Amino acid sequence: MSGVDALYARVDSPLGVLLLVGRGGVDGRTVLDSVSLPGQKGGAEVRDGWRLAPEAFTEVAGQLDEYFAGRRTRFDVPFAQSGTEFQRRVWKALEDIPYGTTVSYGDIARQVGSSGAGVRAVGTAIGRNPLLVVRPCHRVIGADGALRGYAAGLERKERLLALEGGSL
């Protein structure tokens, strides 16, 4: 996200300091554009013109705290509709993966109507998910059950899956 209307906050988490980026919504709720971690491939970085506004992220910060404490299994925050049409289909499929479970990249490819070489495109779309943790891309693993690709690092993916008590 760019522009002077961007708001941001930093929130401590067991994975490291999360950078939350968003903007004001029409109903007074902050629309979340990005959740990222330091060192994350493609993660957001604070830009000139962005305004530090931790109060704008109270709702999502509270939900993240509940998630990391094991008291929340889904997020209920408004977030921006970004990405290509294909990415949005893949990201919607991520949102439908139940807490504590995993699916394969091939499962997601079949769900969005892409097969064969489409698994690679699904992996690319998942890797571009701007809403780390909130949109649970960490629940997608290899067909053989191995952890594969995570923009914030496989160690963090493993920690999230362990938090959820999911099978690896």
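The values are calculated or read from the model by the stated rules, or taken from the named source; none is laboratory data. Bear in mind that the values here come from a model prediction, so they are computed numbers and not experimental data. As a convention, Cβ positions derive from the backbone with ideal geometry for all residues, glycine included, and neighbour counts pool all protein chains shown. Side chains are part of the model used for accessible areas, which takes the heavy atoms of the whole protein and leaves out ligands, DNA and RNA. Shrake-Rupley method; radii C 1.70, N 1.55, O 1.52, S 1.80 Å.
Run the quick spin-label model on Asp144 and Arg47: label points 7 Å from Cα toward the beta carbon, then report their separation in nm to one decimal.
4.0
In whole Hz, with x marking every Gly and Pro, tabulate ³J(HN,Hα) for the stretch 50-64 from phi via Karplus 6.51 cos²θ - 1.76 cosθ + 1.60, θ = phi - 60°.
My calculation for the stretch 50-64 gives 6, 10, 5, 8, x, 5, 6, 10, 4, 4, 5, 4, x, 5, 5 Hz in order.
Using the Karplus curve 6.51 cos²θ - 1.76 cosθ + 1.60 with θ = phi - 60°, work out ³J(HN,Hα) for each residue of the stretch 73-78 in order, rounded to whole Hz, and write x for Gly and Pro.
Along the stretch 73-78, the couplings run 10, 9, 9, 10, 9, x Hz.
Show me the ranking of peptides 156-165, 31-40 by mean Cβ neighbours inside 10 Å, starting with the highest.
31-40, 156-165
Keeping all protein chains in place, calculate the accessible area per residue for the stretch 21-116 (probe 1.4 angstrom), answer in Å².
The answer is 54 Å² per residue.
For the chain, take the convex hull of the Cα atoms, compute a quarter of its surface area, and give me that in nm², please.
9.3
Can you pull the percent of the stretch 5-73's accessible area that's carbon plus sulfur, 1.4 Å probe, other chains left in place?
C and S fraction of accessible area: 48 percent.
Kindly express, to the nearest 10 degrees and within the range 0 to 90, the angle between helix 118-127's C-alpha long axis and the longest C-alpha principal axis of the chain.
30
Test of understanding: what is the full-extension gain from Asp5 to Arg74, defined as 0.36 nm times their sequence separation minus their Cα-Cα distance?
Roughly 22.1 nm would be gained on extension.
Under 5 Å between amide hydrogens, which residues at least 5 positions from Ser34 or on another chain qualify, with H placed 1.01 Å from N in the peptide plane?
Val21
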